[in-house]
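Asker: Here's a structure for you.
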Amino acid sequence: MPQRVSLTQFLVEEQRTGRVSADLRLLFEVVAHAVRAIGATVSKGALLGVLGEAGTENVQGEVQKKLDVIANEIMLQSCEWGGTLAAMASEELETICHIPSTLPRGDYLLLFDPLDGSSNIDVNVTIGTIFSVLRNPQAKNPTEADFLQPGRDQVAAGYAAYGPSTQLVLTVGEGVHGFTLDREVGDFIYTDPFMAIPAETREYAINASNARHWEAPVQRYIAELQQGRDGPRGSDFNMRWIASMVADVHRVLTRGGIFMYPLDEKCRAKGGKLRLMYEANPMAMLVEQAGGAATTGRSRILDIIPEHLHQRVPVILGSRAEVERVTSYHLDPSS
């Protein structure tokens, strides 16, 4: 059997080649520790009494699940002590979280969605954790403004998918790499080197229940796909929708496709559905590093200058040819 490479071995080699600093390597290790803890909790489900609602709302005004709260606490407690972070920001918290003065501080900022796909928790469908790493632009204690960097300035990004197996996918701007948790030994093993998205696809993911609210360019695009081989595309397409961004994007990274949560009349007042800093930016970095594209329908996601910590944006990402087609429809005055 070929020698198995662990996450630690992979990161050590990345550090030796200069692609990862010592502090960033340690930060990945700490995040992986948190992911293992979250995954173990998620896998117990009803056995631990962690299913159902927590009876609270997050800063977004969304009802929190018990596991939302637990996963958020695990991320905060696991990541604060490593000495690599100056502060953290969570989708579940209104403002940033500074590293306690009793602990060493580092040069990075960590943003995360502790448990993406919460609506799927109680029905045992794949959910995940998404994270983004930025440099702290100043030596003193960071403020919220220091987090408002465009996605192109991310140092690293990744996600964990808690499904039949627990997988960790990450990038430092040199390709996308996937690891699978070996539960018996407790290590993430390097299983998916240089993940790549096919340029073309025959699968799409979108919440079709919102069809009546879509803008004309999206209605045009989806109508073409639904006409299949009898329509202008001359080929049949399959729709896949899990309602967990991690699961839907992981499928795109694994076998191609396009994922869409476009602007529509339901979310127009908020600017979109998904959070720029916690979901769109890290996923866009991963997708671009895997050869795909990620836009709002009108502009590249990674070029957006954030206005506030919980900003929402439309998201269209995946196989490059499809994303470019949808974007061209948005930019077409006749659409």
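Every number here is computed from the coordinates shown, using simple stated rules; none is lab data. Computed from a prediction, not measured in an experiment: that's the story for all the values here. Positions of Cβ are backbone-derived with ideal geometry, glycine not excepted, and every protein chain shown enters the neighbour counts.
Asker: Only bridges whose two residues both fall in the chain count here: according to DSSP, what percent of them are antiparallel, nearest 5?
Answerer: Expressed as a percentage, antiparallel bridges in the chain total about 85.
Asker: Under 10 Å, Cα contacts only: if you run a Gaussian network model on the chain, which one of ARG36, ARG212, ARG152 comes out with the highest mean-square fluctuation?
Answerer: ARG212
Asker: If you line up the long axis of helix 22-44 against the longest principal axis of the chain, both from Cα atoms, how many degrees apart are they, to the nearest 10?
Answerer: Roughly 70 degrees between the two axes.
Asker: For the stretch 74-142, state which trypsin sites (Lys or Arg not before Pro) are in a DSSP loop and have at most 16 other beta carbons lying within 10 Å of their beta carbon. Before the final figure, lay out each step's value.
Answerer: Numbers: sites: ARG105, ARG135, LYS140; in loops: ARG105, LYS140.
Of the trypsin sites (Lys or Arg not before Pro), the ones in loops of the stretch 74-142 whose Cβ has at most 16 other Cβ atoms within 10 Å are LYS140.
Asker: In the chain, which longest range has no chymotrypsin sites (Phe, Trp or Tyr not before Pro) that are both DSSP loop (not H, G, I, E or B) and surrounded by at most 16 other Cβ atoms within 10 Å?
Answerer: Here the longest run is 82-193.
Asker: Same structure again: With just the Cα atoms defining each centre, how far is the stretch 117-171 from the stretch 299-335? Give it in Å.
Answerer: Cα centroid to Cα centroid, the span is 20 Å.
Asker: If every alpha-carbon in the stretch 7-192 counts as one equal scatterer, what log10 I(q)/I(0) does Debye give at q = 0.08, 0.10, 0.16 1/Å?
Answerer: Each listed q maps to, in turn, -0.25, -0.39, -1.01.
Asker: I'd like the Kirkwood hydrodynamic radius of the chain, using the inverse of the mean 1/r over distinct C-alpha pairs, in Å.
Answerer: Kirkwood radius, the chain: 20.3 Å.
Asker: Also, I was wondering about something else. Report, in degrees rounded to the nearest 10, the 0 to 90 angle that the Cα long axis of helix 245-255 makes with the longest principal axis of the chain.
Answerer: For helix 245-255, the angle is close to 70 degrees.
Asker: How much length, in nm to one decimal, is gained on full extension between ARG240 and GLU265, taken as 0.36 nm per residue of separation minus their Cα-Cα distance?
Answerer: Length gained, ARG240 through GLU265: 6.8 nm.
Asker: Something else: Which angle between 0 and 90 degrees, to the nearest 10, do you get for helix 66-79 versus the longest principal axis of the chain when only C-alpha atoms count?
Answerer: Around 50 degrees separate the two axes.
Asker: Over the chain, calculate the relative contact order: mean separation of alpha carbon pairs under 8 Å at least 6 apart, over the residue count, as a percent. The partial results should precede the final answer.
Answerer: Numbers: 712 pairs, mean separation 51.0, N = 335.
Relative contact order, the chain: 15 percent.
Asker: Find how much the distance from ARG300 to LEU51 grows on full extension, using 0.36 nm per residue of separation minus their present alpha carbon separation; answer in nm with one decimal.
Answerer: 85.9 nm
Asker: Would you mind ranking ASP230, ASP192, ASP303, ASP116 by Cβ crowding within 10 Å, fewest neighbours first?
Answerer: The fewest-first ordering by Cβ neighbours comes to ASP230, ASP303, ASP192, ASP116.
Asker: Taking other Cβ within 10 Å of each residue's Cβ, how do ASP187, ASP113, ASP122, ASP248 sort, fewest first?
Answerer: ASP122, ASP187, ASP248, ASP113
Asker: Just how far, in whole angstrom, is the stretch 195-219 from the stretch 256-289 if you go by their alpha carbon centroids?
Answerer: Centre-to-centre distance over Cα atoms comes out at 12 Å.
Asker: Shifting gears a bit: Step by step: find N for the stretch 203-331, compute 2.2 N^0.38 Å, then divide the Cα radius of gyration by it. What's the final number?
Answerer: Taking the Cα Rg and dividing by 2.2 N^0.38 Å, one obtains 0.98.
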